[in-house]
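Readers should treat all values here as calculations from the given coordinates under stated rules, not as data from a laboratory. Quick caveat: nothing in here was measured; it's all calculated off a predicted structure. So basically every Cβ, Gly included, is an ideal-geometry build from the backbone, and we count neighbours across all protein chains shown.
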Amino acid sequence: MSQIENSYENQKTNSISRPRYGCAIGAMYTASAIPGVVPITHCGPGCADKQYVSLAFYNGFQGGGYGGGAVPPSLNASENEVVFGGNERLKELIQASIKVIDADLFVVLTGCIPDLVGDDVPSVVSKFQEKGVPIVYAETGGFKGNNYTGHELVTKAIIDQYIGDYEGRKKKNVVNVWTEIPYQNPFWRGDLSEIKRILEGIGLKVNILFGHDSKGVEEWKEIPKAQFNLVISTWLGLDTAKHLEKKYEQPFLHIPVIPIGAKATSEFLRKVSGFAGLNLERTEQFIQREEKLYYKYLEDFSDFYAEYWWGIPSKFAVVGESSYNLAITKFLVNQLGLIPVKQIITENPPEVHKDSIRKEFLNIADDVSITPLFLEDGYLVEQALINSEEKPSIILGTTWDRDAAKQLGGNIVEIGFPASYEVVLSRANVGYRGALSLIEKIFTIAISASA
């Protein structure tokens, strides 16, 4: 553990400055990211609104969609519910929600108040389930963790309480994808679209599960029928995949590095193709078509890259969640030849996964190894950047890293939560097409800053 990480450990009981995630009930946006699903929040006043403002608004201005924003019903628990409990009010809220809101599935999420006072949410919700109402619950009090924790609580709740048991046959070449958290990553919609596109390109039928390319709850009902699960992240989604392996006897493939750029994406597709037993000739044909176009665009870009001598960054830092941090670092090193000087991981992964994450950073390239820092506190992140022995000329981070970039005289590209100076509709950073978009963004900012 580094000196900076030790410094954080010494003040762990204190408040965290500028955290880069929501609380567990922020998983209401895991629910609302599924088309036709509406969350119901059993929490204190303001909790749901704060999650919207932080995760969905001042984070790429993504919008609330059909089931988020101002739509989710909320109990707005008061002192009365603290003293006497909120079971009856929750029952009334669910009844009213079913009456006035058209949803394929309701997801009840609890906040700190009902979890602390001991409201019997399972009992309340089960009464509606017995009547055939499409509704599930997840206990997501903030003390249980952040929205990474909440995300998997919600996915498991839908699987166990709504999808249920299945003992039928599996469908060959069908895959369930588990990767980024919707809304937490402002580029999730575009990223999922690109992941779905490239997997379909090699012959898979893809249950992408979230976003505009998902078929909503009907797609979730297909989860048990899939041939396998695909986890594309350093650690997030592994618990869900292991749960599905036990529940439905579904194997899973874990690929820690989200693919960005031709090299990583082609390698990724070959791994998936081999695991799924796909036609390798078809896989190679798709890869060749994609690489041919990708490198044509890079050939056009090469004139600028070779000749524009002013303000081109050579050293970079990445601040963000482990999966995106690892993917972007590998891409910038292996595709563009940039030099990594500081990689800071901010989502506080479970301790059991930290060593495996460190090992991935030791294999950035044949001659590039990095020891990442695990820091949640925004002040410590800022100090780690400013006090770097080698100063990054560009930081790929968040809005809260802008001050550090100014002090270093460098540039900032917002690639994670919160991204308050980005408007994100369908942009992606992953795959073949997303990598080109990321290159455009990085170097547009670099030359704009030098003007």
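Size descriptors for the range 288-438: radius of gyration and Dmax over Cα atoms are 15.7, 46 Å. Separation of the range 301-344 from the range 58-135 is 44 Å, based on Cα centroids. Which lysines have a Cα less than 16 Å from the Cα of Lys215, not counting those fewer than 8 places away in the same chain? Qualifying lysines at Cα under 16 Å: Lys196, Lys205, Lys225.
Calculation over all alpha carbon pairs of the range 159-232 in 5 angstrom steps from 0 returns a P(r) of 3, 16, 26, 27, 16, 9, 3, 0 percent.
Pairs of lysines in the range 304-451 whose Cα atoms sit within less than 27 Å of one another amount to 23, provided the residues are eight or more positions apart or on different chains. Cross-link partners for Lys127 among the lysines, with Cα-Cα distance under 21 Å and sequence neighbours closer than 8 places in the same chain left out: Lys91, Lys99, Lys156. For Cys23, the amide hydrogen comes within under 5 Å of the amide hydrogens of Asn147, counting only partners 5 or more places away or on other chains and with H modelled in the peptide plane.
Which one of Ile101, Asn80, Val37 is farthest out on the positive end of the charge dipole of the range 16-163, using unit charges on Cβ (Lys, Arg +1; Asp, Glu -1) and the Cα centre as origin? Most positive-ward Cα: Val37. Close amide H pairs (under 5 Å, H built 1.01 Å from N) link Val174 with Lys205, Gln227, Phe228, residues at least 5 positions away or on another chain. Run the numbers on the chain and let me know its relative contact order in percent, using alpha-carbon pairs under 8 Å that are six or more apart. It comes to 18 percent, rounded to a whole number.
Bridges between two residues of the chain, per DSSP, are antiparallel at a rate of about 5%.
Any idea what angle helix 322-334 forms with the longest principal axis of the chain, computed on alpha-carbon atoms, 0 to 90 degrees, nearest 10? Approximately 20 degrees, to the nearest ten. Taking the longest Cα principal axis of the chain as reference, the axis of helix 238-248 is set at about 50 degrees. Each peptide in 37-44, 346-353, 16-23 was scored by the mean count of other Cβ atoms within 10 Å over its residues; highest first, the order is 37-44, 16-23, 346-353. Taking other residues whose beta carbon is less than 9 angstrom from the beta carbon of Asn185, and scoring Lys, Arg as +1 and Asp, Glu as -1, yields -3. Say R0 is 25 Å: what FRET efficiency, to the nearest 0.05, do Glu440 and Ser369 get from their beta-carbon distance? Here the calculated transfer efficiency is 0.30. Under a 5 Å amide H cut-off, with hydrogens placed 1.01 Å from N, Asn429 pairs with Asp191 among residues at least 5 apart or on other chains. Think of each Lys and Arg Cβ as +1 and each Asp and Glu Cβ as -1; about the Cα centre, that makes the dipole of the chain roughly 860 debye. Extension gain, Ser314-Tyr166: 0.36 nm per intervening residue step, less the Cα-Cα distance, totals 48.0 nm.
Cβ screening of the chain for cysteine pairs under 4.7 Å finds these without a partner: Cys23, Cys112. For the chain, the spread of Cα coordinates along the three principal axes comes to 68, 53, 37 Å, biggest extent given first. Other residues lying with their Cβ under 13 Å from the Cβ of Asp165 contribute a combined charge of +1, Lys and Arg counting +1, Asp and Glu -1. Relative contact order of the range 300-449, taken over Cα pairs closer than 8 Å and 6 or more residues apart, is 23 percent. The dipole here belongs to the range 373-430: it is taken about the Cα centre, uses +1 on the Cβ of Lys and Arg and -1 on the Cβ of Asp and Glu, and is about 240 debye. The residue list Ile135, Ser426, Ala276 was ranked by how far each Cα lies along the charge dipole of the chain toward its positive end, using unit charges on Cβ atoms, and Ala276 comes out on top. A cut-off under 13 angstrom between Cβ atoms defines the neighbours of Pro313, and their net charge, with Lys, Arg +1 and Asp, Glu -1, is +2. Only Lys, Arg, Asp and Glu carry charge here, each on its Cβ (+1 for the first two, -1 for the last two); on that basis the range 347-410 has a dipole of about 140 debye about its Cα centre. For the range 143-272, relative contact order (Cα pairs under 8 Å, six or more residues apart, normalised by length) works out to 27 percent.
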